[in-house]
Structures are given as structure tokens and as C-alpha cells.
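Note sheet for the following structure.
Derivation of every value follows stated rules applied to the coordinates shown; laboratory data play no part. Quantities reported herein were computed from a predicted structural model and do not represent experimental measurements. Cβ coordinates were reconstructed from backbone atoms using ideal geometry, including for glycine residues, and neighbour counts include every protein chain displayed.
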Amino acid sequence: MLKLTVIAFGTLSESYFREAADTYKKRLGAAFTEIELKETKLPKEPSPADITKALEDEADRMLAAIPKRAKVVAMCVEGKEYSSPELSDLLENAAAGGAAEVCFLIGSSYGLSPRVKAAADVRLSLSRLTMPHQLARVVLFEAIYRAEEIRRGSKYHK
């Protein structure tokens, strides 16, 4: 069974986002893990240097948290947009290629360090639209669940 992990900075502080995320985590079951990392504190009006330093600090912690031999998917705006069947194929191909785990990476409000993006096997964008990180995480959870249901041949995806 393919393990699925999401590593994200920050927490889902709004109860409605947490409830939605928990619904998909429950549906995905034991094969799904969420790892929340603490965002690096920044001043109220950070300089570009402050942001770069924070992203590098976060990169160190995120890269250390990635499971060994996992296929890594960086969530970033410049990534490729996948349809649900294409995401399902990505998971299927990862499993068929010998990966025991697929790990999705979600950065902080300033995104991911170039070092993290370079370490990823795939760059994925949920949309060209801008959305709050908490909502994006719920959308990703649903997309992963839908992709898994497509792999199983269920009628969830119509």
C-alpha cells in the first residue's frame, strides 16, 4: 500500500478548515500522515533578506522531515496543474516505480525555498488562483483522496 504524507508549515487554526481536513484524513486512513512544522518567525514587515533567511531555515527542517526514498511533490504556484486522473496516475506510477511513499510539501506564506523545489521530483500547482494556505491544504487533501479513489476504481470521481 502506498503511503501518503503531507508536510506543511503552520497549523489549520480555523475549526472549519480543521474539520474538513480531518474528514479527508479519516477517509484516507492509516496510509495518510500529516506533519505540521512551525513557521519561522518574521518581523511584521520583513525585508527580502529576512524572507530568504526564513525560507532557508524552513528548508532545513522540511528536507529533514521528508521520509527516505519518498517521491517528493512540491506544491508551488509555478508547478504543473494536474487533473484528478493525472494526479491518480502520478500516484499509480510512483507505486509501480517502487516508491513506498509520496510526500507532498506545502511551504509557509512565502512559499518554498528554491532548495526544496530543486529536491522535489515533481512541482504541482493546485491552481493559478491565489488562496489562503489553510484552504489550499484542504483542497490538496481532497485531491489526494479523489486520486486514491480513482486508483481504487470507486465511483467517488464522476
Q.
What does the extension gain come out to for TYR156 and LYS53, with contour length at 0.36 nm per residue minus their alpha carbon separation?
A. 32.8 nm
Q: Identify all lysines with a Cα-Cα distance to LYS117 below 17 Å; exclude those on the same chain that are fewer than 8 residues away in sequence.
A: LYS53, LYS68, LYS71, LYS80
Q: Subtracting the Cα-Cα distance from 0.36 nm times the residue separation, let me have the gained length for ALA119 to THR11 in nm, one decimal.
A: 36.5 nm
Q.
Please enumerate, by chain and number, the lysines with C-alpha under 19 Å from the C-alpha of LYS26, excluding those fewer than 8 residues away in the same chain.
A. LYS3, LYS155
Q: Please compute the net charge surrounding LEU126, taking Lys and Arg as +1 and Asp and Glu as -1 over other residues with Cβ under 14 Å from its Cβ.
A: +1
Q. With axes computed from alpha carbons, what is the tilt in degrees of helix 84-96 against the longest principal axis of the chain, rounded to the nearest 10 within 0 to 90?
A. 80 degrees
Q.
How charged is the neighbourhood of LYS80? Take every other residue with its Cβ under 10 Å from the Cβ of LYS80, and add Lys/Arg as +1 and Asp/Glu as -1.
A. -2
(Q) From zero outward in steps of 5 Å, how is the percent of C-alpha pairs of the stretch 1-125 spread across the bins? (A) 2, 10, 19, 22, 21, 15, 7, 3, 1, 0
Q. What share of Cα pairs, in percent, lie more than 20 angstrom apart in the stretch 81-158?
A. 37 percent
